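Have a look at the structure below before the remarks.
The values are calculated or read from the model by the stated rules, or taken from the named source; none is laboratory data. Note that the structure is a prediction, hence the values are computed from the model and not measured. As a convention, Cβ positions derive from the backbone with ideal geometry for all residues, glycine included, and neighbour counts pool all protein chains shown.
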Amino acid sequence: MRLLLDTHAFLWFITGSNKLSPSAREAFESPANTNWVSIATLWEMVIKASLGKLTLGRPFRDLVTTQLAENGFSLLQVEVDHLAALMDLPYHHRDLFDRLLVAQCTADDLALVTCDAAFSAYDVRRIW
């Protein structure tokens, strides 16, 4: 299965937080699955860190490149197909970053790993 990590899921996984559900951790660690981190997630992290709402503990570039490599996570760029899916997406959820993740899941047949129940309003598989 192809998994797309929501921002909190990525952060909780890389920090070893017990906030990450056992099901999500198991899905990330399964060799049968591939794990993707959206560039939108990294964008959201940068914005929150620059506003003082997120403390990264080390330089952003170092943190991200190290964690992607160490965990075998692939980076998902924003493509035209994702934006086309975003354009057709109903407004069940107003958060731009979350909507883009839903569009990426829709366009690329990814399951979204998130604790955010608001995603259940969309036709995407949610793992938590």
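Worth pointing out:
- Selected residue [within 22 Å of N35 (Cβ to Cβ), hydrophobic (A, V, I, L, M, F, W, C), part of a helix (DSSP H, G or I) and without any contact (Cβ under 8 Å) to a residue 60 or more places away in the chain] from V102, V124: V102
- Residue match in the range 85-102 (condition: in contact with a Cys (Cβ under 9 Å, 6 or more places away or on another chain) and either of a type in the set (G, A, S) or under 14 Å from R2 (Cα atoms) (or both)): yes
- Top-ranked residue in the range 87-128 [being of a type in the set (A, V, I, L, M) and more than 18 Å from Q77 (Cα to Cα); ranked as surrounded by the fewest Cβ atoms within 10 Å (Cβ to Cβ)]: A117
- Filter pass, F28 being aromatic (F, W, Y), closer than 16 Å to R125 by Cα and either surrounded by 12 or more Cβ atoms within 10 Å (Cβ to Cβ) or under 13 Å from the mean Cα position of the chain (by Cα) (or both): yes
- A single entry from I39, I47, I127 fulfils the requirement of being over 13 Å from L4 (Cβ atoms) and of a type in the set (V, I, T): I47.
- Residues in the range 27-46 that are small (G, A, S) and either within 16 Å of T114 (Cα to Cα) or in contact with a Cys (Cβ under 8 Å, 6 or more places away or on another chain) (or both): A27, S38, A40.
- Residues that are closer than 15 Å to W12 by Cα and touching a residue at least 60 places away in the same chain (Cβ under 8 Å) within the range 37-79 comprise T41, F73, listed in sequence order.
- Residue within the range 78-86 that is touching a Ser or Thr at 6+ places or on another chain (Cβ under 6 Å), modelled with pLDDT of 95 or more, surrounded by 10 or more Cβ atoms within 10 Å (Cβ to Cβ) and outside any strand (DSSP E or B) present: yes
- Residue list for the range 102-128, restricted to those being among the aromatic types (F, W, Y) and in contact with a strand residue (DSSP E or B) (Cβ under 8 Å, 6 or more places away or on another chain): F119, W128
- Among the residues of the range 1-25, those that are within 13 Å of I127 (Cβ to Cβ) and loosely packed, with under 12 Cβ neighbours inside 10 Å comprise P22, S23.
- Within the range 55-77, being part of a loop (DSSP other than H, G, I, E, B) and surrounded by 16 or more Cβ atoms within 10 Å (Cβ to Cβ) holds for one residue alone: F73.
- Subset of the range 31-46 that is among the hydrophobic types (A, V, I, L, M, F, W, C) and more than 19 Å from Q104 (Cα to Cα) - its residue that is surrounded by the most Cβ atoms within 10 Å (Cβ to Cβ): V46
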